[in-house]
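Worksheet for the structure shown next.
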Amino acid sequence: MQKNKKKIPLHVAIIMDGNGRWAQKKGKIRSFGHKIGFKAVKETIKFAIKNNIKVLTLYAFSSENWKRPKLEVISLLKLFLFTLNNEIENLNKYNICLKVIGDITFFNKELQLSIYNAEKKTIKNSGLTLNIAANYGGKWDIVQGVKKIIADVRNGYLDINQIEEETFSQYLSTSTLLPVDLVIRTGGEKRISNFLLWQIAYSELYFTDILWPDFNKFIFQDAINYFSTRKRRFGGFIEDQK
Ligand code: IPE
Ligand code: IPE
Ligand code: MG
């Protein structure tokens, strides 16, 4: 368990919700909201770097988002592809290491290649880890972890009696990342929508009605301030914890 002396969250995970409603309010199509939402992503990344946040996980596309109208899905995936291909220089400039979690085998080959390429080209960067959850579902993550752990038991690499909670964490897609300290959800809903499940057992949760394209450094700061006032007990009891 890490000590947060200054109480800055080291790993912030964000459910970027409200793009569609933001666009509709302006009389535009939902995809316009996704496009403008990318500006909020950039501001969020800059804030994270400035504030020494080590890992930023962004929920970009859920395993349930395939249920959306086909045109919206296509435009979301196109935006993802375009961004991956065009932002690599910026990622390197800001020393950002890009990682994608989720079942990317559902994506077309071109997008899969762009993901591998962006991950490979930024793997040595030692600054912020930008973790994009794409075709990600918390339930999927647990199931894929179970499958891998069973395979390791079967091939004799792992003894079933040695499986602890920490062992299982190593089989999740977030195995290399710091624990999630803070989850932020924009867009007014107070639910997790199959984002990280196992990983947020003791995360602090911050909900705001702000729609994602309107998210900015001031609202991010509000979330950090909220986090800094939380007494994280992890089930224990700390008498003089400030
Ligand atoms: C979140 O905004 C972005 C994605 C799911 C990719 P929405 O598209 O869910 O916007 P609302 O919630 O309908 O306003
Ligand atoms: C959660 O938003 C998923 C992402 C932000 C990628 P949704 O808009 O899909 O969630 P629900 O349907 O309101 O629960
Ligand atoms: Mg939504």
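The values are calculated or read from the model by the stated rules, or taken from the named source; none is laboratory data. Nothing here was measured: the structure is a model prediction, and the numbers come from that model. Cβ coordinates were reconstructed from backbone atoms using ideal geometry, including for glycine residues, and neighbour counts include every protein chain displayed. Surface areas here come from the heavy atoms of the whole protein model, side chains and all, with no ligands, DNA or RNA. Shrake-Rupley method; radii C 1.70, N 1.55, O 1.52, S 1.80 Å.
Under 10 Å, Cα contacts only: if you run a Gaussian network model on the chain, which one of 217, 139, 231 comes out with the highest mean-square fluctuation?
Highest fluctuation among the options: 231.
If we sort 144-150, 77-83 on the protection proxy, mean other Cβ atoms within 10 Å, highest first, what's the order?
On the way: 144-150: 14.9, 77-83: 16.9.
Ranking the peptides 144-150, 77-83 by packing returns 77-83, 144-150.
Under a 1.4 Å probe, what is the accessible area of the range 123-242 per residue, stated in Å²?
Details: 6940 Å² over 120 residues.
Computed with neighbouring chains in place, this is 58 Å² per residue.
With +1 on the Cβ of every Lys and Arg and -1 on the Cβ of every Asp and Glu, and nothing else charged, how large is the dipole of the range 1-113 about its Cα centre, in debye rounded to the nearest 20? Mind dumping the intermediate values first?
Values: 22 positive and 8 negative charges, 115 e Å.
About 560 debye.
Taking the Cα centre of the chain as origin and charging only Cβ (+1 Lys, Arg; -1 Asp, Glu), how large is the dipole, in debye to the nearest 20? All intermediate terms of the calculation are to be shown ahead of the outcome.
Details: 38 positive and 23 negative charges, 172 e Å.
Charge dipole of the chain: 820 debye, to the nearest 20.
Please report the relative contact order for the range 153-242, taking Cα pairs under 8 Å with a sequence separation of at least 6, and give it as a percent rounded to a whole number. Walk me through the intermediate numbers first.
Working: 58 pairs, mean separation 21.2, N = 90.
So the answer I get is 24 percent.
With a 1.4 Å probe and all protein chains kept in place, how much accessible area does residue 206 have, in Å² rounded to the nearest 10?
Only protein atoms counted, so the area is about 40 Å².
With n ≥ 4 as the cut-off for DSSP H runs, can you work out [θ] at 222 nm for the chain, using -39500 (n - 2.57) per run divided by the number of residues, rounded to the nearest 500? Before the final figure, lay out the partial values.
Values: 8 runs with 100 residues, N = 242.
Helix contribution divided over all residues of the chain: -13000 deg cm²/dmol.
Quick one: net charge of residue 190's neighbours, Cβ under 12 Å, K/R +1, D/E -1? Before the final figure, lay out each step's value.
On the way: positive: 185, 191; negative: 17, 189, 209.
Here the charged neighbours net out to -1.
Quote the relative contact order of the range 46-145 in percent (integer), defining contacts as alpha-carbon pairs under 8 Å separated by 6+ residues. Before the final figure, lay out the partial values.
Working: 128 pairs, mean separation 44.6, N = 100.
This gives 45 percent for the range 46-145.
Need one word for the range 25-69: rounded, prolate or oblate. Basis is the Cα gyration tensor (sqrt eigenvalues a ≥ b ≥ c); a/c below 1.5 gives rounded, then a/b vs b/c decides. Don't skip to the end; give the middle numbers.
On the way: a/c = 4.95, a/b = 1.60, b/c = 3.09.
Oblate.
Would you tell me the accessible area of residue 126, worked out with a 1.4 angstrom probe on the heavy atoms of the protein chains, in Å² to the nearest 10?
100 Å²
Using a 1.4 Å probe over the heavy atoms of the protein chains, calculate the carbon and sulfur portion of the accessible area of the chain as a whole percent.
Values: 7700 of 13940 Å².
With neighbouring chains kept in place, the figure for the chain is 55 percent.
What are the residues whose amide H is under 5 Å from the amide H of residue 185, where those residues sit 5 or more places off or on another chain and H is modelled from the backbone?
15, 206, 207, 208
Distance cut-off 26 Å, Cα to Cα: go down the list 50/231; 26/190; 28/78; 109/190; 120/148; 78/121 and report the pairs above it. Don't jump to the answer; show the numbers that get you there.
Values: 50/231 24 Å; 26/190 24 Å; 28/78 18 Å; 109/190 35 Å; 120/148 23 Å; 78/121 20 Å.
Beyond 26 Å: 109/190.
Mind putting a number on the dipole of the range 201-242 about its Cα centre? Charges go on the C-beta only, +1 for Lys and Arg and -1 for Asp and Glu, and I need it in Debye to the nearest 20. Write out the running numbers ahead of the final one.
Numbers: 6 positive and 6 negative charges, 40 e Å.
The calculation lands at about 200 debye.
Could you work out the relative contact order of the chain? I mean the mean sequence separation of Cα pairs under 8 Å and 6+ apart, divided by the number of residues, in percent.
Details: 358 pairs, mean separation 69.6, N = 242.
Relative contact order of the chain: 29 percent.
Highest first, please rank the peptides 107-117, 185-195, 92-102 by the mean number of other Cβ atoms sitting within 10 Å of their residues.
Values: 107-117: 14.8, 185-195: 16.4, 92-102: 18.6.
Most protected by this proxy first, the peptides run 92-102, 185-195, 107-117.
To make sure I understand the rule: partners must be aspartates and glutamates, Cα under 14 Å from the Cα of residue 139, and not fewer than 8 residues away in the same chain. Which ones qualify?
64, 103
When the chain is treated as a GNM, springs tying every alpha-carbon pair under 10 Å, which of 43, 119, 164 comes out with the largest mean-square fluctuation?
Largest GNM mean-square fluctuation: 164.
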